[in-house]
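Colleague: Below: one structure in structure tokens.
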Amino acid sequence: MRRVWSSLVYICLFAVPVLALPPAEVNRYIVILQDPPVAEALSSVGIKATPQSLLARGPRQMILAKQSALRDTLEARHYHVYGAMQHLLNALFVTASASQVDELKSLPGVMGVVPVRRYKPLLNRAVELVNAPAAWNLLGGVGNAGLGQKIAILDTGIDNTHPAFQDASLSVPANFPICPQPSDCQYTNNKIIVARSYTHLLVGSDPASTRPDDYSARDLIGHGTAVASVAAGETSAGPLATITGMAPRAYLGNYKVFGSGEINGYASSDSIDQALEDAATDGMNAAVLSLGGPAFSGPADVGSVCGQSAGTPCDIESVTIKNAVAMGMVVVVADGNDGGHGSTVLNSVDSPGVAAEAITVAALTNSHVFSSLLGISGPNVPSNLQQIADSPGDSLRPIGNLTAPLVDVSKIGDTLGCSAFPAGSLNNSIALIQRGTCTFANKTHNAYVAGAVGVVFTNYAGDDTAPTIGGLATAAIPSVIIGSTDGDGLRSLLANGSALQATIAPNLVEQSSTGNKVAGFSSRGPAVGQGALKPDIAAVGTNIYMAAQRSNPNGEVYSPDGYTIADGTSFSTPMVAGAAALVRQKNPTFSPTQIKSALVNSAARDSQGALGTANVLEVGGGRLDAGAAVTSNVTIEPATVSFGVLSGGNLPKSQRFVLTNFSGGALTLSLSVNRVSGDAATQLTLDQTSLTLTPGGSGAVTLTLSGSKPGAGDYQGAIEITGGAVPLHIPYLYVVGDGVPKQILNLAGDGETGTVGQSVPDGFIAFKVIDQYGVPVTGLPVTFRLATAGQGSLSNADAHTDPFGIAGANITLPSTPCMGSCSMVVNGTAGALKTTFTNNARALPTIASNGIVDAASFQAGNGIVPGSYISLFGTGLADSSQANSLPFLPLALNTVFVSFDSGSSSYPGRMYYVSPTQVNVQVPWELAGQTSTQIKVTIDFSPGNVVTVPVVSVSPALFAYTDSALNTSIAAALDESNAVVNGGHPVARGHVVQLYVNGLGAVNATPASGAPAPASPPSTTVATPTVSIGGQAAAVQFSGLAPGFSGLYQVNAVVPANIGAGVQPVVVSSGGISSPPVSLPVQ
């Protein structure tokens, strides 16, 4: 066998019954039963028990019995039940159409039905800024920090091969590893002791809307790998720095709730809830949720306030977190990245970060930055613009200095770069593009197609930072981002006629920075609902150097060297989770609320906010001080005091908190009120200002807010406590709104692309209106209007904002494709405030009649063959063309993926090429043994028509290409010297020819779908085909997959010595099926 090095055959890879439009979308719902879950049943009678406790078995058995009865009822009515929970929720997961919800609600034992929603994924010097070394020293040094603790990472998976997760000295605990799918045990090791995947919950069951994905626990995005390294990464050295996680000796649990980026790059409420329940029952001590989405209601709200039946929770994840904490697991959640770009946005904390029981984490700037300098030369360039600090994020770096003319794209097309530029308009130039609306990857791709050799992004108006940008690991050209003012200066020079040259430098340099400032993107409180104090604490969340996955260049957090730099509350959150593990290591009897107290009440109050020292709406208790948290010997429950939004006549209000002494001796604690922002109308008083506690003893103190309602404002401060090992403080907050609309914030349905005649992926559009203090403006008249009549339609539009200041409407996209300049625009108004929703409509991806063919013969044949290639022809199959450039076949290209549904299983194809009229895809090996399958093309959230085709075991076809010398189609082949066979170089009679074939069926040592075939042992075909050349049998020396290629068969045969010279027909046969003849030049 001769190994194939040529990509000849891949050049050739370029089928189909009646069309059917997809039916109404099938949705997923969480059906809440009336009985309380195990956690609530136990806590209601004062029992604190873990899920593993004998006390939990009785309530769970009762719940299971009732769930079983309801499940039988649902399945008898042809509902699909795809999951269930008992400990944190009493719920079944059900697929149903929107029209069936009322029927579900009417079933006996059902409390309510809540739709599943989507959530997005929101170290060297960082750990020093939060005083990790002091905590490590208290626990016996970094080599002991976190030992025995278990941290669950609910994210995209963890790369268990990364150096940051190797520790041969750790012993796997009893009853671990846990991997429900045995194949996922390969993603565990001595440190990563759980590998669970919930991707199957994201897929769905109706072939018209399924989103099949990689179902394993491996990390294809990298976000989870990065999060895990911040929480508990072992010391490891990257090219730029050496990193250590907060609790480096802690165990990790991989709970993969996100799918792959371009198919299911989100987590859903059912997957998050189930993962939290599993983490609790697995015995995890802490869970990290670096994810979030807009909060549409308060964490404790139920029933009619959010349109639900009585008792049904509005925010399911807040309930799940509450019950997880009640069962002994700390839950640490990101507060969100919606704090504003150039202006501070209050009331922007995401769900589930609004959950009262969660430790909700804001982000601070790091004490270093990784940056390079963008060089600018030309006439009249001022000194401040000649060298501009930039940030490349995960973008391609040039080998040397890349210098080219700088072009402002606003002069040739879309300022934001979200639409295609005229062909050749950016040839050999560096494009200057404004940040906003679409992804950095989309902007870069459009510039590249127009001929650009690089991109300079400018940040949002008013934001002069150069943040870490992502999603550019596979971009073809390098890019950097600079601050807004620098960008405006460059545009002004270009507008005045200056010819500028820009130079993108290849190297990054670590530079010291002031740090400890509230990151501009970090979400601010108060929380939606009652105006509770959130976030709880802050930690470093910018310019963090951390682990990245190394296997999938299409993943957002990918780096071939395994290390990357990123920003976000996603990464400040695991830092606090790691600190929680250190606190629990020092104090193993602490409850989750006591661990929260140790962290929040000892936090440092030295960070800088938008207007001086950071306030509680920005950082809660303050900056994480891990050393103080581990040292503290007094806990306070609850850790914060929220009097909420005050209205007339609701004073006095009181908050009781319990202090517990965990020292070895008696303590006398002094308490005082520190009113940072006071008012003359109210009084804050403590019923005790001194409290003596015996060792292990507890005492209660009540804080009372009395007087009359003050003027509008946010009022905050702290209860100062001294006498313990470290000074403590309890942050408090109350707010009075002025009712004057100050900010209007889009929450859903903006910047999306859906299918013509359907809704946007979010399902609706919505905005929120708040006053200058972050209080929702309720009952405010609002309007929604189309900017262009007939460009889509609106329905069910709210006339006023609701109790949370939110208003929304359903939209239907135009009935004809509308992308870029013809986007559907909806103008929203609320008082004097205005906002805009801009969305696009793409054509329905449609496979043509007889449009599914063999990718080699371009004939329908007798069916498709698992592991082989097919070509799909039709219309609207992709927004733009893209070919795979990776050594393996990805699950999606340019957000296009192909699903294969058979029986109850849904499998993803592996993509080679996409264009608006043609898609080339490898049929999944997993279809072996099936007799038919249903195929559809989906672009992002636009599923196409479903076509049913037969599946067969073999259907041979030879790859061919047009030979320019012969002006005819000939077999794609190499001779025994690996030279291409063509009209100018025929294959010699009596010698070996290497033929490339499709559809030869099952092989030994079958590789994974999309994976390159191995060289040793080779993947030989189970059945050896026969070959005929010139009408005579050709001896087959090898038949199997071509090493290094995905799904490509190679057949080596000896050209018969006694056939004539010239062009001869070649035919490959297997299983009684012969390929269409193809010409082969012979000499």
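Colleague: Which pairs have Cβ atoms under 7 Å, sit 6 or more apart or on different chains, and link a residue in the stretch 79-104 that is of a type in the set (Gly, Ala, Ser) to one that is assigned to a helix (DSSP H, G or I)?
Modeller: Listed by first residue and then by second, the contacts come to Gly83/Leu201; Gly83/Asp270; Gly83/Gln274; Ala84/Gln67; Ala96/Leu104.
Colleague: Is it true that Asp335 is modelled with pLDDT of 95 or more, of a type in the set (D, E, K, R), over 30 Å from Tyr448 (Cβ atoms) and buried (at least 22 other Cβ atoms within 10 Å of the Cβ)? Working first, answer last.
Modeller: Working: modelled with pLDDT of 95 or more: yes; of a type in the set (D, E, K, R): yes; over 30 Å from Tyr448 (Cβ atoms): yes; buried (at least 22 other Cβ atoms within 10 Å of the Cβ): yes.
When the stated conditions are applied, Asp335 passes them.
Colleague: So, one more: What's the number of the condition Asn850 fails, among (1) part of a helix (DSSP H, G or I); (2) at positive phi?
Modeller: Evaluating Asn850 over (1) part of a helix (DSSP H, G or I); (2) at positive phi leaves (1) as the failure.
Colleague: Among (1) in contact with a Gly (Cβ under 9 Å, 6 or more places away or on another chain); (2) assigned to a strand (DSSP E or B); (3) within 30 Å of Ser647 (Cα to Cα), there is one condition Gly678 misses while meeting the rest; what is its number?
Modeller: Failing condition for Gly678: (2).
Colleague: Now a separate question. Can you tell me which residue within the stretch 303-332, out of those that are buried (at least 22 other Cβ atoms within 10 Å of the Cβ) and among the small types (Gly, Ala, Ser), is farthest from Arg584 (Cα to Cα)?
Modeller: Filtering the stretch 303-332 for residues that are buried (at least 22 other Cβ atoms within 10 Å of the Cβ) and among the small types (Gly, Ala, Ser), the one farthest from Arg584 (Cα to Cα) comes out as Ser318.
Colleague: Would you be able to say whether some residue in the stretch 905-912 is surrounded by fewer than 24 Cβ atoms within 10 Å (Cβ to Cβ) and part of a loop (DSSP other than H, G, I, E, B)?
Modeller: no
Colleague: Hey, among Thr816, Thr829, Thr801, which residue is in contact with a Ser or Thr (Cβ under 8 Å, 6 or more places away or on another chain), surrounded by fewer than 19 Cβ atoms within 10 Å (Cβ to Cβ) and polar (S, T, N, Q)? Spell out how you get there, then give the answer.
Modeller: Details: Thr816 fails: in contact with a Ser or Thr (Cβ under 8 Å, 6 or more places away or on another chain); Thr801 fails: surrounded by fewer than 19 Cβ atoms within 10 Å (Cβ to Cβ).
Only one candidate qualifies: Thr829.
Okay, residues lined up against (1) of a type in the set (Phe, Trp, Tyr); (2) assigned to a helix (DSSP H, G or I); (3) not assigned by TED's automatic domain parsing to the domain that holds Ala566:
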residue	(1), (2), (3)
Val94	no, no, yes
Val101	no, yes, yes
Pro108	no, no, yes
Ala135	no, yes, no
Gly140	no, no, no
Ile151	no, no, no
Asp159	no, no, no
Ala168	no, no, no
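Colleague: Determine whether Ile544 is modelled with pLDDT of 95 or more and crowded, with 24+ Cβ neighbours inside 10 Å. Can you show your working first?
Modeller: Details: modelled with pLDDT of 95 or more: no; crowded, with 24+ Cβ neighbours inside 10 Å: yes.
Criteria not met by Ile544.
Colleague: Sort out which residues of the stretch 454-463 are part of a loop (DSSP other than H, G, I, E, B), under 16 Å from Asp390 (Cβ atoms) and not polar (S, T, N, Q), and write them in order of number. Show your work before the answer.
Modeller: To start, the set of residues in the stretch 454-463 that are part of a loop (DSSP other than H, G, I, E, B) comprises 459-463.
From the residues that got through so far, the ones that are under 16 Å from Asp390 (Cβ atoms) too are 459-460, 463.
Those that are part of a loop (DSSP other than H, G, I, E, B), under 16 Å from Asp390 (Cβ atoms) and not polar (S, T, N, Q): Tyr460, Asp463.
Colleague: Of all residues in the stretch 152-203, count the ones that are surrounded by 24 or more Cβ atoms within 10 Å (Cβ to Cβ), within 30 Å of Leu844 (Cα to Cα) and not β-branched (Val, Ile, Thr).
Modeller: 3
Colleague: Strands (runs of 3 or more DSSP E) wholly in the stretch 704-771 with at least 2 residues that are crowded, with 19+ Cβ neighbours inside 10 Å and in contact with a Gly (Cβ under 8 Å, 6 or more places away or on another chain) - which ones? Walk me through how you get there before you give the answer.
Modeller: Values: elements: 713-722, 728-736, 743-748, 753-755, 765-770.
Correct list: 713-722, 728-736, 743-748, 765-770.
Residue by residue, here is whether (1) of a type in the set (Gly, Ala, Ser); (2) on the phi < 0 side of the Ramachandran plot; (3) within 41 Å of the chain's Cα centre (by Cα); (4) not assigned by TED's automatic domain parsing to the domain that holds Ala532 holds:
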residue: Ser670; (1), (2), (3), (4): yes, yes, no, yes
residue: Leu686; (1), (2), (3), (4): no, yes, no, yes
residue: Ser708; (1), (2), (3), (4): yes, yes, no, yes
residue: Thr722; (1), (2), (3), (4): no, yes, no, yes
residue: Leu728; (1), (2), (3), (4): no, yes, yes, yes
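Colleague: I'm trying to understand the selection: among the residues of the stretch 1038-1072, which are surrounded by fewer than 23 Cβ atoms within 10 Å (Cβ to Cβ), more than 42 Å from the chain's Cα centre (by Cα) and under 26 Å from Ile864 (Cα atoms)?
Modeller: Phe1038, Asn1052, Pro1065, Val1067, Ser1069, Gly1071, Gly1072
Colleague: Here is a further query. Which of the residues spanning the stretch 56-92 are within 27 Å of the chain's Cα centre (by Cα) and either of a type in the set (D, E, K, R) or assigned to a helix (DSSP H, G or I) (or both)?
Modeller: None; the set is empty.
Colleague: Among the residues of the stretch 189-229, write down those that are among the small types (Gly, Ala, Ser) and in a helix (DSSP H, G or I).
Modeller: Step one: list which residues in the stretch 189-229 are among the small types (Gly, Ala, Ser), which gives 195, 197, 204-205, 208-209, 216-217, 222, 224, 226, 228-229.
Those that are among the small types (Gly, Ala, Ser) and in a helix (DSSP H, G or I): Gly224, Ala226, Ala228, Ser229.
Colleague: Follow-up question, since we're still on this one. Among the residues of the stretch 980-1020 satisfying the criterion of being closer than 21 Å to Ala1033 by Cβ and of a type in the set (Gly, Ala, Ser), which is surrounded by the fewest Cβ atoms within 10 Å (Cβ to Cβ)?
Modeller: The residue in question is Gly990.
Colleague: Could you please find all residues in the stretch 230-263 being buried (at least 24 other Cβ atoms within 10 Å of the Cβ) and either part of a helix (DSSP H, G or I) or in contact with a Cys (Cβ under 8 Å, 6 or more places away or on another chain) (or both)?
Modeller: Correct list: Val230, Ala231, Ala232, Gly261, Ile263.
Colleague: Identify the residue in the stretch 947-977 that is of a type outside the set (Phe, Trp, Tyr) and touching a helix residue (DSSP H, G or I) at 6+ places or on another chain (Cβ under 7 Å) and, among all such residues, is surrounded by the most Cβ atoms within 10 Å (Cβ to Cβ). Even if it seems obvious, please write down each step before you answer.
Modeller: From the stretch 947-977, those of a type outside the set (Phe, Trp, Tyr) are 947-958, 960, 962-977; that's our starting set.
Filter once more, keeping what is touching a helix residue (DSSP H, G or I) at 6+ places or on another chain (Cβ under 7 Å): 951, 960, 972.
Details: Val951: 19, Ala960: 23, Ala972: 26.
Taking the candidates together, the pick is Ala972.
Colleague: Follow-up question, since we're still on this one. Return yes when Leu958 is of a type in the set (A, V, I, L, M), over 30 Å from Ser1079 (Cα atoms) and either out of contact with any Lys or Arg (no Cβ under 9 Å at 6 or more places or on another chain) or assigned by TED's automatic domain parsing to the domain that holds Gly204 (or both) and no when it is not. Before you say what the answer is, go through the steps one by one.
Modeller: Working: of a type in the set (A, V, I, L, M): yes; over 30 Å from Ser1079 (Cα atoms): no; either out of contact with any Lys or Arg (no Cβ under 9 Å at 6 or more places or on another chain) or assigned by TED's automatic domain parsing to the domain that holds Gly204 (or both): yes.
So Leu958 does not fit the description; no.
Colleague: If you check Ala208, Ala231, Ala241, which single one turns out to be of a type in the set (A, V, I, L, M, F, W, C) and out of contact with any Pro (no Cβ under 8 Å at 6 or more places or on another chain)? Lay out the reasoning, then the answer.
Modeller: Values: Ala208 fails: out of contact with any Pro (no Cβ under 8 Å at 6 or more places or on another chain); Ala231 fails: out of contact with any Pro (no Cβ under 8 Å at 6 or more places or on another chain).
On inspection, the qualifying residue turns out to be Ala241.
Colleague: Also: Can you work out which of the residues in the stretch 426-436 that are surrounded by 18 or more Cβ atoms within 10 Å (Cβ to Cβ) and not hydrophobic (A, V, I, L, M, F, W, C) is farthest from the chain's Cα centre (by Cα)?
Modeller: Ser429
Colleague: Would you please list the contacts, defined by Cβ atoms under 7 Å and residues six or more apart or on different chains, that run from a residue in the stretch 226-240 that is assigned by TED's automatic domain parsing to the domain that holds Ser290 and farther than 20 Å from Val288 by Cα to a residue that is crowded, with 20+ Cβ neighbours inside 10 Å and of a type in the set (A, V, I, L, M)?
Modeller: Here the result reads Ser236/Ala164; Ser236/Ile243, each pair linking the stretch 226-240 to a residue that is crowded, with 20+ Cβ neighbours inside 10 Å and of a type in the set (A, V, I, L, M).
The values are calculated or read from the model by the stated rules, or taken from the named source; none is laboratory data. These numbers come from a predicted model, not from an experiment. Cβ sites come from the backbone with ideal geometry, for glycine too, and all protein chains shown count toward neighbours.
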